[in-house]
1. Taking segment 44-59 as the search range and keeping residues that are in contact with a Leu (Cβ under 7 Å, 6 or more places away or on another chain) and modelled with pLDDT of 95 or more, which one is nearest to S92 (Cα to Cα)?
2. Among the residues of segment 82-109 satisfying the criterion of being assigned to a loop (DSSP other than H, G, I, E, B) and over 22 Å from P68 (Cβ atoms), which is nearest to the chain's Cα centre (by Cα)?
3. Which condition does S73 not pass, out of (1) in contact with an Asp or Glu (Cβ under 6 Å, 6 or more places away or on another chain); (2) open to solvent by 90 Å² or more (accessible area, probe 1.4 Å), if it passes all the others?
4. Would you call R123 surrounded by 11 or more Cβ atoms within 10 Å (Cβ to Cβ), of a type outside the set (S, T, N, Q) and either over 23 Å from F5 (Cα atoms) or modelled with pLDDT of 95 or more (or both)?
5. Scan segment 82-105 residue by residue and report those that are touching a residue at least 24 places away in the same chain (Cβ under 8 Å) and either open to solvent by less than 40 Å² (accessible area, probe 1.4 Å) or touching an Asp or Glu at 6+ places or on another chain (Cβ under 8 Å) (or both).
6. Just to be sure before I move on: is A131 under 25 Å from the mean Cα position of the chain (by Cα), at pLDDT 95 or above and hydrophobic (A, V, I, L, M, F, W, C) in the structure I sent?
7. Every residue in segment 21-31 that is open to solvent by 60 Å² or more (accessible area, probe 1.4 Å) and modelled with pLDDT under 95, please.
8. What number of residues within segment 42-81 are basic (K, R) and either assigned to a helix (DSSP H, G or I) or touching a residue at least 60 places away in the same chain (Cβ under 8 Å) (or both)?
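The values are calculated or read from the model by the stated rules, or taken from the named source; none is laboratory data. Just so it is clear, the model here is predicted, and its values are computed rather than measured. We place every Cβ from the backbone using ideal geometry, glycine too, and count neighbours over all the protein chains shown. Just the protein is used for accessible areas: all its heavy atoms, side chains included, with ligands, DNA and RNA removed. Shrake-Rupley method; radii C 1.70, N 1.55, O 1.52, S 1.80 Å.
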Amino acid sequence: MSGSFQRLVEVGRVVLINSGSDAGKIATIVEIVDHRRAIVDGPTTNVKRQVVPFNNVVLTDIVVKSLPRAIGSKRLAVFLEKNQVVEAWQKSAWAKKIDARQRRANLSDFDRFKLMRLKKQQRNIVDRQVALLKKERA
């Protein structure tokens, strides 16, 4: 049976925490408490083991296969290193988008001005090339 829904809540699923003191960090589900909460742990991303409601996390596509339930932090760190979870997250388009948004928010006024000037120069070059192509076709 195949459905359109692919991200299931399961032990070993990597989640992105979207609220609280650990917002923006990834963690792994190590135990499911009930239909609203799970225990997550992130020894490689400095997320302490805690019970988190599913409303405060977003499921990612990354899953650590064959992860035992209620695994300890030290063994979990070994599993995460072996499966290169942090590297897989950093390579994902989602993480790159979050990083770009963060870099953009940290720009100074002068950096935004320089960015605007570079965009203007790029737009000018593209417009000239488009005008040349239109002129050739006419």
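1. Going through the qualifying residues, I end up with V58.
2. S92
3. Condition (2) is where S73 drops out.
4. So R123 fails the test.
5. V85, V86, W89, S92
6. no
7. S21
8. 2
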